[in-house]
Amino acid sequence: MKNYRKCALLGIFLIFGLIICSVSPVSALKAEATDDQLKIMNEIEGTDITIGEYLQKAWPQFYEELTDEQKEKVNKWKKSWPKPSSDNSVSENENTRASMSTNAYISSGTNRIYYSGDSTVYGGTPRYHYIEVKLKNSADQTVSSTAYSNSESYIEASNIKMYPSSGYYTSNAWSYSLGPDTEDSDSAGPMYYS
């Protein structure tokens with residue numbers, strides 16, 4: 001009877017341990033923009049807006065996953081817009097001395113355009129790390145977008161636009177992190193698709 005209790009107790013601890021190990025300590029969120037989100041993104045592009053306001057309008061699911069403390073930060077933090085691809089530099093936040101490198105990519109294949117971006121935080125592992133990548137046409141309108149968040153130093157997001165119209169396209173990537181607080185952006189293209 002004693003051996004049975006020990007085995008049962010050991011079995012319970014093993015099952016509990018497996019359950020704990022199977023739960024990921026880091027949550028991740030990936031999303032592709034709907035037509036309504038694309039419309040909102042195009043309406044507010046380049047405006048004087050905070051990151052919090054932008055997320056609430058364009059990507060509410062990414063705003064909702066933030067803690068109250070993180071929401072307070074992004075509600076005060078002015079959003080920057082992706083810079084031209086000719087200005088590819090690593091950004092550095094004056095307060096934390098953390099730096100971030102963000103890269104945008106674009107290529108094409110049969111009946112599709114591939115667009116993606118990656119972001120790396122140097123000088124600490126962020127508590128929150130977000131990247132958004134937009135595919136823009138020659139009229140500077142966002143025609144497709146994807147976003148991803150996690151709490152890793154390196155993250156990436158990618159998507160495919162099927163059967164795009166002929167014309168020039170660019171890929172814009174923008175990312176930010178909290179704890180350390182920093183942001184960066186990059187553009188790739190223009191690339192002609194026919």
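The values are calculated or read from the model by the stated rules, or taken from the named source; none is laboratory data. From a predicted model like this one, the values you see are computed outputs, not experimental measurements. Virtual Cβ from ideal backbone geometry, glycine too; neighbours counted across all protein chains shown.
For segment 32-42, the tally of residues that are closer than 16 Å to S80 by Cα and under 16 Å from the mean Cα position of the chain (by Cα) stands at 1.
Against the condition within 30 Å of E69 (Cα to Cα), touching a residue at least 12 places away in the same chain (Cβ under 8 Å) and hydroxyl-bearing (S, T, Y), how does S138 come out, does it pass? No: the conditions fail for S138. Criterion applied to E45, E65, E69 was being charged (D, E, K, R), closer than 16 Å to R127 by Cβ and within 18 Å of the chain's Cα centre (by Cα), and the one residue passing it is E65.
Quick one: in segment 137-194, of everything that is part of a strand (DSSP E or B) and among the aromatic types (F, W, Y), which residue is farthest from S99 (Cα to Cα)?
Kept after step one, since they are part of a strand (DSSP E or B), are these residues of segment 137-194: 137, 142-150, 154-162, 167-178, 182-193.
Okay, now just the ones that are also among the aromatic types (F, W, Y), so 148, 154, 168-169, 174, 176, 192-193.
Values: Y148: 19, Y154: 12, Y168: 32, Y169: 28, W174: 14, Y176: 10, Y192: 33, Y193: 34 Å.
Filtering segment 137-194 for residues that are part of a strand (DSSP E or B) and among the aromatic types (F, W, Y), the one farthest from S99 (Cα to Cα) comes out as Y193.
Looking at segment 166-177, is at least one residue surrounded by fewer than 20 Cβ atoms within 10 Å (Cβ to Cβ), over 22 Å from D35 (Cβ atoms), of a type outside the set (A, V, I, L, M, F, W, C) and under 18 Å from the mean Cα position of the chain (by Cα)? No; the residues of segment 166-177 include none that is surrounded by fewer than 20 Cβ atoms within 10 Å (Cβ to Cβ), over 22 Å from D35 (Cβ atoms), of a type outside the set (A, V, I, L, M, F, W, C) and under 18 Å from the mean Cα position of the chain (by Cα). Can you name the residue in segment 109-124 that is of a type in the set (G, A, S), in contact with a strand residue (DSSP E or B) (Cβ under 8 Å, 6 or more places away or on another chain) and part of a strand (DSSP E or B) and, of all such residues, is surrounded by the fewest Cβ atoms within 10 Å (Cβ to Cβ)? For segment 109-124, the residue satisfying everything is S116.
Condition check: among the hydrophobic types (A, V, I, L, M, F, W, C), surrounded by 17 or more Cβ atoms within 10 Å (Cβ to Cβ), at pLDDT 95 or above and under 17 Å from the mean Cα position of the chain (by Cα). Does I106 satisfy that? Judged against the criteria, I106 is a match.
Per-residue answers, yes or no, for (1) touching a helix residue (DSSP H, G or I) at 6+ places or on another chain (Cβ under 6 Å); (2) at positive phi; (3) surrounded by fewer than 22 Cβ atoms within 10 Å (Cβ to Cβ):
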{"residue": "D140", "(1), (2), (3)": "no, yes, yes"}
{"residue": "Y154", "(1), (2), (3)": "no, no, yes"}
{"residue": "D181", "(1), (2), (3)": "no, no, yes"}
{"residue": "D184", "(1), (2), (3)": "no, no, no"}
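Do we find a residue being in contact with a His (Cβ under 7 Å, 6 or more places away or on another chain), assigned to a strand (DSSP E or B) and without any contact (Cβ under 8 Å) to a residue 60 or more places away in the chain anywhere in segment 125-134?
no
Here I106, I155, I131 are screened, and the one residue that is farther than 29 Å from L66 by Cα, touching a strand residue (DSSP E or B) at 6+ places or on another chain (Cβ under 6 Å) and among the β-branched types (V, I, T) is I106.
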